[in-house]
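The values are calculated or read from the model by the stated rules, or taken from the named source; none is laboratory data. In this text, all values refer to a predicted model and were calculated from it rather than measured experimentally. Positions of Cβ are backbone-derived with ideal geometry, glycine not excepted, and every protein chain shown enters the neighbour counts. Accessible surface is based on the protein model in full, side chains and every heavy atom, while ligands, DNA and RNA are left aside. Shrake-Rupley method; radii C 1.70, N 1.55, O 1.52, S 1.80 Å.
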Amino acid sequence: MTAVLGTTGLILNEPLLWEKGKPGRRGFSLPPRDVEISPLGESLISQGPDFPDLSEVDVVRHFTRLSTWNFGVDTGTYPLGSCTMKYNPKINDKHAALPGFAGAHPLLPQELSQGLLRLMLELERMLAEITGMDAVTLQPAAGAQGELTGMLLIHAYHKSRGRKPSKILVPDTAHGTNPASAALCGYRPVSVASNEHGILSVESVAKAMDEDTAGIMITNPNTLGLFEENLKEIVDLVHTRGGLVYGDGANMNAVLGIMDVACTGIDVLHLNLHKTFSTPHGGGGPGAGPVCVRKHLEPFLPVPRVVEKEGRYEFSCNFPQTIGKLHAFYGNVGVLIRAYSYIRTLGAANLKKASQLAVLNANYIKERLKATFHLPYDRPCMHECVFTDRNQAGAKVMTLDMAKRLMDYGFHPPTIYFPLVVNGAIMIEPTETESKDDLDRLVDALQAIAEEANNNPEQLHQAPTKTKVRRLDETAAARKPCLAG
Ligand SMILES: Cc1ncc(COP(=O)(O)O)c(C=O)c1O
């Protein structure tokens, strides 16, 4: 590895720390000893683990060099549809790192964590106000866990009325986690086809909705980036037939301050804080998928709940119909603080503006690219738009080739091959954080790639060529993962 160091320009190579270490190097210096030597007990003396000896600069450069192999929201435009990778204002991190928050132990007595408990209750109230719903739990650790929570709430509601329906309707445009969460809760997900406009029709839901159906999961705006225009009629129909409506509010970033969810009649809704409220996006790290409910589902919410009594805040488990505990302690607090900070720093008017800009940006991309890429649903979109590779098929260039090539232009690829109802989907979500200049750069890059598809398709089949890791055999990578360095 060392032999090739420096031969790849700024695509930096980097050996393992074990290869880099040299006996005797130190990353620290201690002050001279000013106490008597005290011999260690036998059990504490051993060779210790085989860690490499490294200097401070070895370690700093190692991790900094590794970080250059990756692309993040702080690096540039990250148009990943459905996952909503948006830039997170640093003030949110600063607030979450305040010593009173960052240093609070989950087992701290409640008298010593009044500020944190108050923040949680205020965040619940803000999310309730934003959605129009009546009560909120902050416990679920991700959107998917929010969905599971919602399913458990629906199950508990039916059970309390002596009902045991076995099915849940899920549109074919839904995120894969929807049917999975329903199944995890013991329901049988039944797929409902979207219509030629990419949305649900009242008729298709009416056909599927029977006595044995607990309800429906509806994502609005849906994963095609389209507003479910028949939402109110569908909700009324499901209610008339004894079902409840689960709203997947992961795409709430398109309708903040614009849509009152409770007015549509939706009974339970989850939010993805990492999509809508600008908290860091998973990557295996902590997330949060709060669940908002209307009055009739409140008794079933998870415990403990934060309650206020005479100006003091405390946890209460005194909710006899609760579905129980969903997460250790009270959810992923650091993420919740960031969302609180985002909401407080923006305020109501700017939250609405964030949604308006997200929708404007997506429509701008759609209009600028629709002459180049096939647009299956040519109508105003919400926060994201979906193209396909149909126009490039003649040159034998596929969505995957174009997505890979985008990396050579310095952009993260968009979401591809999702939603499943669109063949060769290219789903772009610019988010509200991108300027017109950045959107134009992305459009220019995609147009240049479409030209290359016609003139030099082989270049696209080889892409990416300017990244640390070149085109992978993705099947082999999945089947025979190489997990060692
Ligand atoms: C529409 C929709 N629903 C649910 C989810 C699941 O959220 P999470 O990834 O936090 O589990 C996502 C993920 O981005 C989503 O886009």
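Worth a mention:
- Qualifying residue in region 292-305 (condition: within 16 Å of the ligand (Cβ to nearest atom), within 30 Å of LEU357 (Cβ to Cβ), of a type outside the set (Lys, Arg) and crowded, with 24+ Cβ neighbours inside 10 Å): yes
- Each residue in region 269-310 was checked for being more than 12 Å from ALA250 (Cβ to Cβ) and polar (S, T, N, Q), and 2 pass.
- Scan region 300-314 for residues that are within 28 Å of the chain's Cα centre (by Cα) and either within 20 Å of ILE266 (Cα to Cα) or modelled with pLDDT under 95 (or both) and the total you get is 3.
- Matching residues in region 259-274 - criterion: being within 16 Å of the ligand (Cβ to nearest atom) and either over 30 Å from PRO89 (Cβ atoms) or open to solvent by 10 Å² or more (accessible area, probe 1.4 Å) (or both): MET259, ASN272, HIS274
- Taking the listed residues ASP408, ASP401, the one that is buried (at least 21 other Cβ atoms within 10 Å of the Cβ) and over 24 Å from HIS175 (Cβ atoms) is ASP401, with no other qualifying.
- Residue check for HIS383: in contact with a Ser or Thr (Cβ under 8 Å, 6 or more places away or on another chain), at pLDDT 95 or above and either surrounded by 24 or more Cβ atoms within 10 Å (Cβ to Cβ) or closer than 21 Å to GLU432 by Cβ (or both): yes
- Meets criteria (of a type in the set (Phe, Trp, Tyr), modelled with pLDDT of 90 or more and over 30 Å from THR431 (Cβ atoms)) for PHE63: no
- Residue check for PHE51: part of a loop (DSSP other than H, G, I, E, B) and open to solvent by 60 Å² or more (accessible area, probe 1.4 Å): yes
- The sole residue among PRO171, PRO165 that is of a type outside the set (A, V, I, L, M, F, W, C), touching a residue at least 24 places away in the same chain (Cβ under 8 Å) and either out of contact with any strand residue (DSSP E or B) (no Cβ under 8 Å at 6 or more places or on another chain) or within 30 Å of LEU360 (Cα to Cα) (or both) is PRO171.
- Residue satisfying condition, being touching a His at 6+ places or on another chain (Cβ under 9 Å) and surrounded by 12 or more Cβ atoms within 10 Å (Cβ to Cβ), within set LEU66, LEU80: LEU80
- Sole exception among (1) within 20 Å of ASN178 (Cα to Cα); (2) at pLDDT 95 or above; (3) out of contact with any helix residue (DSSP H, G or I) (no Cβ under 7 Å at 6 or more places or on another chain) for HIS274, by number: (2)
- Any hit, region 184-198, residues being open to solvent by 10 Å² or more (accessible area, probe 1.4 Å), among the polar types (S, T, N, Q) and over 16 Å from VAL245 (Cα atoms): yes
- Looking only at region 200-228, and only at residues there that are assigned to a helix (DSSP H, G or I) and closer than 25 Å to LEU148 by Cβ, the one that is least open to solvent (accessible area, probe 1.4 Å): VAL205
- Answer residue from region 306-334, given it is aromatic (Phe, Trp, Tyr) and within 16 Å of VAL136 (Cβ to Cβ) and is nearest to the ligand (Cβ to nearest atom) among those: TYR330
- Count - residues of region 77-104 that are at negative phi and either among the polar types (S, T, N, Q) or not in a helix (DSSP H, G or I) (or both): 16
- If the condition is being more than 23 Å from ARG470 (Cα to Cα) and assigned to a loop (DSSP other than H, G, I, E, B), then region 382-417 contributes MET382, HIS383, GLU384.
- Residue match in region 244-256 (condition: out of contact with any His (no Cβ under 9 Å at 6 or more places or on another chain) and open to solvent by 30 Å² or more (accessible area, probe 1.4 Å)): no
- Condition met for LYS366 (buried (at least 17 other Cβ atoms within 10 Å of the Cβ) and among the charged types (D, E, K, R)): yes
- First in region 117-129 and crowded, with 18+ Cβ neighbours inside 10 Å, second anywhere and among the aromatic types (Phe, Trp, Tyr), Cβ under 7 Å, 6 or more apart: LEU117/TYR313; LEU119/TYR340; MET120/TYR330; LEU123/TYR340
- Total residues in region 106-163 satisfying the condition of being part of a helix (DSSP H, G or I), within 24 Å of SER355 (Cβ to Cβ) and within 16 Å of the ligand (Cβ to nearest atom): the figure is 7.
- Residues in region 206-219 that are in contact (Cβ under 8 Å) with a residue 40 or more places away in the chain and in contact with a helix residue (DSSP H, G or I) (Cβ under 9 Å, 6 or more places away or on another chain): 8 in all.
Residue-by-condition table, conditions (1) modelled with pLDDT under 95; (2) under 26 Å from GLY331 (Cα atoms):
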residue: ALA142; (1), (2): yes, yes
residue: GLU147; (1), (2): no, yes
residue: MET151; (1), (2): no, yes
residue: TYR157; (1), (2): no, yes
residue: LEU184; (1), (2): no, yes
residue: SER191; (1), (2): no, no
